Amino acid sequence: PRSAKRPPPTRPVMPEQLPLLFFDAVEDHWHALPAPAHDRTSGFLTPCGSAEEPELRRNARRQPFSRHGAATRLAERVPLLSSLCQLSHRRAGDQEAYERARRNNPLRIRSDGFFVRAVEHLPLVNNVVQEVHRVRGRAEALERARATNPLGRAGFITQFGEHIPGVADTIRCIHMYRGNAAEAERARAYSLAKLVGRDGAVTKLAELLPGLHLVAAATHELRGDREEARRALDIVRQWKDVASADGALARVAELFPGCDVVAFGLMINAGLYANALRAVCKTRWVDVRSNSTVLMLSMGEIEDWLVQDVESDLEIAPKAASLIGALIDLSIHFCDFNKHGVRRRRSVRRSCSSERLVRRQGLRGVAQDVKIVKANELLSRFVGYVSDQCVEYVAFGIELTNWAVYIWRPETLSARRAMWAMWLVFPPWPFRLPPSRAPSAVFAQTVAESISDVVTSHGEMPLRPETFTIRRRTPVPRRRSAVPELAASASCLAFLGALGTGSSASSTAHGVAGVAALAHVPLAPALGALTFLTACGAGVAAMGRRAKRDMIGWLNDNNAAAWRDMSAPVVPLTPNSSYPVVAAAAAAVASANGASGAQAAYAGAVASDPWVPVSEAMAVAAIRARTPYCGVVFEWPPRVMERMRCAEKLRDYVFLELLRPTRLMNWLHPSFWALRFFERHLRRFMNDALDGQTVPLVIPIPLPAGMYEGIETWLPEIRVMLVLWLRFTDHRYITRVQVALVDGMLDQIINVALSQCLPKDLRLLDPRLAGFTEPIDLTFQVALNWVRHNRLRIELNDLRVKLHLPP
């Protein structure tokens with residue numbers, strides 16, 4: 001009835017107040033999630049924190065139709081369904097799922113979305129999209145739209161029109177009007193001006209046909225090219241040259257897609273690189289530029305060096321189809337075959353295989369794999385070349401040692417003392433090249449064979465004084481010796497006897513004098529000799545005890561001083577702008593004085609340094625950018641030294657060749673007598689002084705900046721730290737060898753050497769490059785950056801080369 005009391009109206013239940021249920025298929029049970037809290041700022045339902053929430057979310061992903069399931073994620077990428085998924089995620093309060101669905105929406109209009117990128121490839125629509133990007137201030141998207149414009153300077157419609165004679169002339173004029181020189185050169189390939197020009201395909205065909213060859217000759221004559229007109233009149237010669245690189249057959253083949261690739265392969269196998277490249281690009285020049293080309297290397301043992309990745313921002317102008325592939329094929333052929341057409345020797349290193357590389361998918365992935373494999377083959381050939389030339393490097397090192405000892409005048413006092421000690425103790429170091437069986441040749445060959453097992457790493461320079469010192473000798477309690485006291489007593493008696501038998505100061509002296517008189521022995525000389533010998537014995541014993549006590553301290557001080565000198569930062573260098581003028585003037589003066597061409601060039605190089613230090617501010621900035629006291633270390637580990645018997649062969653070289661008795665000059669040096677007659681005693685003494693430890697000896701090798709006549713190259717200052725780990729328990733004295741160079745040293749040596757080894761015209765290196773019409777000047781800078789201790793990043797910066805092709 002109406003008078004009945006109605007129940008109070010219930011408030012409608014809001015979606016955020018409904019319980020959230022989740023069915024766990026693993027436990028076969030429904031779970032109630034915590035009540036969400038409404039976030040008024042974002043409009044989303046934020047669930048309360050719960051320790052079980054990560055586990056519940058993982059279980060939700062196992063369900064294909066849950067908010068994080070596979071089916072839901074797939075639906076988020078389908079038009080319209082993605083909008084429904086967004087609405088569902090928003091009502092459920094799952095902000096993460098909502099953002100993911102919004103991000104994957106294919107219809108979402110954004111500057112880098114799939115839809116926008118697709119419409120940028122449509123003619124005219126691209127211009128509208130560019131205007132939208134310009135209005136909204138999206139500079140990056142605007143540049144992308146301009147690059148992909150079908151009607152732009154590199155668009156596919158533009159390039160299609162450039163293949164139509166007549167239309168290509170019009171497009172070329174437009175490119176020239178807009179200042180696009182590279183695109184204008186590309187459009188010239190199929191223009192009427194080129195087809196009927198001096199070396200055009202139409203002109204070449206006309207020169208083959210009787211009657212038309214007269215028209216071609218008249219055309220050449222009207223252009224003022226009388227030599228070409230005479231050649232066109234000789235129709236027999238034209239038919240003989242029809243299959244040449246510049247003949248009619250090659251010119252016609254360049255016009256048709258597919259045939260140009262065949263012509264490219266035939267010419268590259270014939271060693272005509274310039275004509276082969278022209279067959280593909282059909283332009284008069286190719287400009288190759290790269291701001292940064294990166295090779296990522298995996299280091300370790302040298303035989304296991306591996307190029308893992310190659311990245312480059314290579315830009316080639318003019319942009320033409322198959323031009324990049326043609327350059328890659330040309331580079332591969334150049335590396336695989338020498339100038340005589342013979343395949344280069346392949347290395348047996350196992351690291352130059354693509355089996356250890358990550359396989360990539362797609363055409364670009366296959367091309368990337370090919371580049372990496374070829375880079376590994378080049379690395380293998382480089383290692384093989386270094387191994388083959390290692391004997392010459394050892395010979396150069398010995399020659400350099402003799403030069404430093406007998407000719408070089410060091411600037412520092414410590415270096416002068418070291419060179420003076422080497423001059424006094426050791427004779428000149430001899431060397432013989434293989435196939436001689438001399439110990440020096442055997443040792444050099446052993447070093448060459450061990451190169452592949454050398455371990456390369458990067459880190460802190462070894463033996464830093466703050467972190468490494470040789471343990472002090474353990475004092476051994478011994479019975480006090482009475483030898484010095486006895487020697488002193490004998491010296492006193494000899495002195496008193498030398499005063500004469502008439503002295504009454506001592507009855508002992510009278511007795512000694514009487515015994516000497518009865519034996520008919522001259523008293524003064526005998527006692528003088530006894531004095532000398534006993535004094536020497538006492539002095540040697542005292543010096544031996546002092547040397548044993550201070551040996552390890554001296555080693556620590558020497559290693560610390562050498563480490564500081566060799567770990568000093570490298571001062572960056574820059575090319576000397578005044579070097580060509582000064583060098584040319586000095587060379588002219590030397591030539592005027594009667595010097596030969598090589599001597600004049602050497603005098604010009606000595607007169608001025610081609611590289612000079614940068615300004616102080618730039619040097620400080622470059623030094624601060626490097627990690628202090630770090631460098632690259634090449635190590636011959638103990639297992640390699642034992643397997644190759646390096647210590648034994650070095651000892652044979654010292655005893656059987658350097659200090660051989662038949663070499664008379666050796667008799668004037670202390671090392672000959674000490675090692676020939678007292679080797680065992682010296683070894684026992686050193687082992688006792690070092691307490692049986694294996695200790696390092698740092699040998700600094702500083703080379704001054706200057707012109708080295710042996711290799712005819714100017715080199716910067718080179719500081720090499722040689723570490724010999726010594727042990728005197730047996731005749732194998734050297735157990736481990738390390739060679740360290742501070743960061744920046746290798747970069748500087750490579751850049752300075754490349755600037756002199758690479759000629760200004762690469763056509764001088766190989767006759768296959770002679771077809772290019774102008775000098776090939778290749779320039780780049782090398783930078784070595786270590787990502788980890790066994791990961792090297794080689795950067796080729798500012799690579800520039802321009803190839804001028806035949807017309």
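The values are calculated or read from the model by the stated rules, or taken from the named source; none is laboratory data. Please read all numbers here as calculations on a predicted model, not as lab measurements. Cβ: placed from backbone, ideal geometry, glycine included. Neighbour counts: every protein chain shown. Just the protein is used for accessible areas: all its heavy atoms, side chains included, with ligands, DNA and RNA removed. Shrake-Rupley method; radii C 1.70, N 1.55, O 1.52, S 1.80 Å.
Can you tell me which residues in the stretch 415-441 are open to solvent by 30 Å² or more (accessible area, probe 1.4 Å), assigned to a helix (DSSP H, G or I) and touching a Phe, Trp or Tyr at 6+ places or on another chain (Cβ under 8 Å)?
Met419, Trp423, Pro439 - these are the residues of the stretch 415-441 that are open to solvent by 30 Å² or more (accessible area, probe 1.4 Å), assigned to a helix (DSSP H, G or I) and touching a Phe, Trp or Tyr at 6+ places or on another chain (Cβ under 8 Å).
Might you let me know whether the stretch 607-617 holds any residue that is assigned to a helix (DSSP H, G or I) and either β-branched (Val, Ile, Thr) or at pLDDT 80 or above (or both)?
No, that holds for no residue.
Looking only at the stretch 76-85, count how many residues are within 10 Å of Asn104 (Cβ to Cβ) and either part of a helix (DSSP H, G or I) or open to solvent by 60 Å² or more (accessible area, probe 1.4 Å) (or both).
3
Considering each residue of the stretch 270-314, count those that are outside any strand (DSSP E or B) and touching a strand residue (DSSP E or B) at 6+ places or on another chain (Cβ under 8 Å), and give that number.
Number of matching residues: 10.
Looking only at residues that are assigned to a loop (DSSP other than H, G, I, E, B) and touching a residue at least 40 places away in the same chain (Cβ under 8 Å) in the stretch 315-345, which one is farthest from Asn797 (Cα to Cα)?
Gly341
Given the structure, is Ala218 free of Cβ contacts under 8 Å to residues at least 12 places away in the same chain and of a type in the set (Gly, Ala, Ser)?
yes
Would you say Arg763 is open to solvent by 40 Å² or more (accessible area, probe 1.4 Å), at pLDDT 90 or above and in a helix (DSSP H, G or I)?
In short, yes.
Mind counting the residues in the stretch 407-431 that are more than 32 Å from the chain's Cα centre (by Cα) and under 23 Å from Leu656 (Cα atoms)?
10
Can you tell which of Arg800, Arg732 is over 20 Å from Val570 (Cβ atoms), assigned to a loop (DSSP other than H, G, I, E, B) and open to solvent by 20 Å² or more (accessible area, probe 1.4 Å)?
Arg732
Quick check: is even one residue across the stretch 402-414 open to solvent by less than 40 Å² (accessible area, probe 1.4 Å), in contact with an Asp or Glu (Cβ under 9 Å, 6 or more places away or on another chain) and at pLDDT 85 or above?
no
Restricting to helices (runs of 4 or more DSSP H) lying wholly in the stretch 626-718: which have 3 or more residues that are acidic (Asp, Glu) and either over 21 Å from Leu400 (Cβ atoms) or open to solvent by 60 Å² or more (accessible area, probe 1.4 Å) (or both)?
none
What helices (runs of 4 or more DSSP H), lying completely within the stretch 107-214, carry at least 1 residues that are at pLDDT 85 or above, open to solvent by 60 Å² or more (accessible area, probe 1.4 Å) and touching a helix residue (DSSP H, G or I) at 6+ places or on another chain (Cβ under 7 Å)?
125-136, 139-147, 167-178, 192-195, 201-206
Which condition from (1) open to solvent by 80 Å² or more (accessible area, probe 1.4 Å); (2) touching a helix residue (DSSP H, G or I) at 6+ places or on another chain (Cβ under 6 Å); (3) over 30 Å from Glu185 (Cβ atoms) is the one that Ala101 breaks?
(1)
Could you please give the count of residues in the stretch 238-260 that are under 13 Å from Glu207 (Cα atoms), free of Cβ contacts under 8 Å to residues at least 40 places away in the same chain and surrounded by 12 or more Cβ atoms within 10 Å (Cβ to Cβ)?
Within the stretch 238-260, residues that are under 13 Å from Glu207 (Cα atoms), free of Cβ contacts under 8 Å to residues at least 40 places away in the same chain and surrounded by 12 or more Cβ atoms within 10 Å (Cβ to Cβ) number 5.
Can you name the residue in the stretch 348-390 that is exposed (fewer than 15 other Cβ atoms within 10 Å of the Cβ) and part of a loop (DSSP other than H, G, I, E, B) and, of all such residues, is modelled with the highest pLDDT?
Per the stated criteria, the residue is Gln389.
For the stretch 771-792, does any single residue satisfy the condition of being farther than 30 Å from Pro628 by Cα, within 26 Å of the chain's Cα centre (by Cα), at pLDDT below 90 and not in a strand (DSSP E or B)?
no
I'd like to check something: does the stretch 218-233 contain any residue that is within 20 Å of Pro165 (Cβ to Cβ) and either in contact with a strand residue (DSSP E or B) (Cβ under 7 Å, 6 or more places away or on another chain) or surrounded by 15 or more Cβ atoms within 10 Å (Cβ to Cβ) (or both)?
Yes: one or more hits.
Consider Asp747 carefully, then state whether it is part of a loop (DSSP other than H, G, I, E, B), charged (D, E, K, R) and in contact (Cβ under 8 Å) with a residue 24 or more places away in the chain.
no
Right, Ala444: modelled with pLDDT of 90 or more, over 22 Å from Ala561 (Cα atoms), under 31 Å from the mean Cα position of the chain (by Cα) and open to solvent by less than 50 Å² (accessible area, probe 1.4 Å) or not?
Taking the combined requirement at face value, the residue satisfies it.
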